[in-house]
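Presented below is the structure to which this report refers.
The values are calculated or read from the model by the stated rules, or taken from the named source; none is laboratory data. All figures in this text were calculated on a predicted structure; none of them were measured in a lab. Neighbour counts run over all protein chains shown; Cβ positions are idealised from the backbone, glycine included.
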Ligand SMILES: CC(C)(COP(=O)(O)OP(=O)(O)OC[C@H]1O[C@@H](n2cnc3c(N)ncnc32)[C@H](O)[C@@H]1OP(=O)(O)O)[C@@H](O)C(=O)NCCC(=O)NCCS
C-alpha cells in the first residue's frame with residue numbers, strides 16, 4: 001500500500017478529527033461514542049503546529065496516492081528540557097497493521113532527533129493492547145501507571161524511550 005508522510009495542513013483538520021474519532025472508537029467502543037464527538041477539526045487547526053523559542057508542537061499526516069489522509073500524529077518537543085511528547089496517533093481502522101503507524105512515528109523520531117530530545121514520553125490506556133504492542137515495537141518501555149486517569153476504571157500506562165547521540 002503506497003502512502004507518504006507529510007506535514008499537517010489546515011485542510012486536513014476535519015479528516016484528522018474523523019480518524020481520531022474512528023480509531024479510538026475501536027478501543028473504547030460505546031464509552032467513546034457516549035463521551036466524544038467527531039468535532040469539526042478546529043482543535044487541530046489551533047494546536048497542530050505551535051512554536052515558541054523553547055517549545056515546538058507539530059503534526060504529520062499519512063496520505064495515500066489518491067490524496068486520502070489515512071493517519072495522523074501530534075507530537076511536541078520541549079527544547080529546554082530535551083523532553084518530547086507523543087500526544088496522539090491514529091490510523092484509519094480499515095488500514096490498521098499495514099505500517100502506517102510505524103511510518104508516522106519514524107517521521108516524529110526525525111523531528112525529535114533534529115531537536116536533540118533526550119527522552120520521549122507517551123501513555124496509553126491499559127485496555128489498549130494494540131497500542132501497547134505498537135509502542136513497544138517502536139522501542140518504548142513501561143515507566144509507570146496512572147490509576148483511573150482519563151476515565152474511571154481505566155488506567156494509563158506511561159511509556160518512554162531515551163535517545164543518545166554520538167557527537
Ligand atoms: C496504534 C496504531 C496507531 C498503530 O498503527 P498501525 O498502522 O496499525 O501499526 P503498524 O502497522 O505500524 O504496526 C507496527 C507494529 O505494531 C505492533 N502491532 C500493531 N497492531 C498490533 C496488534 N493488533 N496486535 C499486536 N501487535 C500489533 C506490531 O509489532 C507491528 O509490527 P509488525 O507489523 O511487524 O507485526 C493504530 O492501531 C491506531 O490508530 N489505533 C487506535 C488509536 C490508538 O490507539 N492510538 C494510540 C493510543 S495513545
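For residue 101, are the conditions met, namely being in contact with a helix residue (DSSP H, G or I) (Cβ under 6 Å, 6 or more places away or on another chain), assigned to a helix (DSSP H, G or I) and within 10 Å of the ligand (Cβ to nearest atom)? So residue 101 passes the test. For the structure I just gave you, tell me whether residue 77 is touching a strand residue (DSSP E or B) at 6+ places or on another chain (Cβ under 7 Å), surrounded by 14 or more Cβ atoms within 10 Å (Cβ to Cβ) and assigned to a helix (DSSP H, G or I). It is false that residue 77 is touching a strand residue (DSSP E or B) at 6+ places or on another chain (Cβ under 7 Å), surrounded by 14 or more Cβ atoms within 10 Å (Cβ to Cβ) and assigned to a helix (DSSP H, G or I).
Table: residues versus (1) modelled with pLDDT of 95 or more; (2) within 14 Å of the ligand (Cβ to nearest atom); (3) within 16 Å of residue 111 (Cβ to Cβ).
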{"position": "53", "(1), (2), (3)": "yes, no, no"}
{"position": "57", "(1), (2), (3)": "yes, no, yes"}
{"position": "69", "(1), (2), (3)": "yes, yes, no"}
{"position": "76", "(1), (2), (3)": "yes, no, yes"}
{"position": "79", "(1), (2), (3)": "yes, no, yes"}
{"position": "84", "(1), (2), (3)": "yes, no, yes"}
{"position": "91", "(1), (2), (3)": "yes, yes, no"}
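Have a look at 15, 6, 113 and point out the one that is more than 16 Å from the chain's Cα centre (by Cα) and either at pLDDT 95 or above or under 23 Å from residue 139 (Cβ atoms) (or both). Even if it seems obvious, please write down each step before you answer.
Working: 15 fails: more than 16 Å from the chain's Cα centre (by Cα); 6 fails: more than 16 Å from the chain's Cα centre (by Cα).
Residue meeting the stated conditions: 113.
The number of residues in the range 60-73 that are out of contact with any helix residue (DSSP H, G or I) (no Cβ under 7 Å at 6 or more places or on another chain) and surrounded by 12 or more Cβ atoms within 10 Å (Cβ to Cβ) comes to 3.
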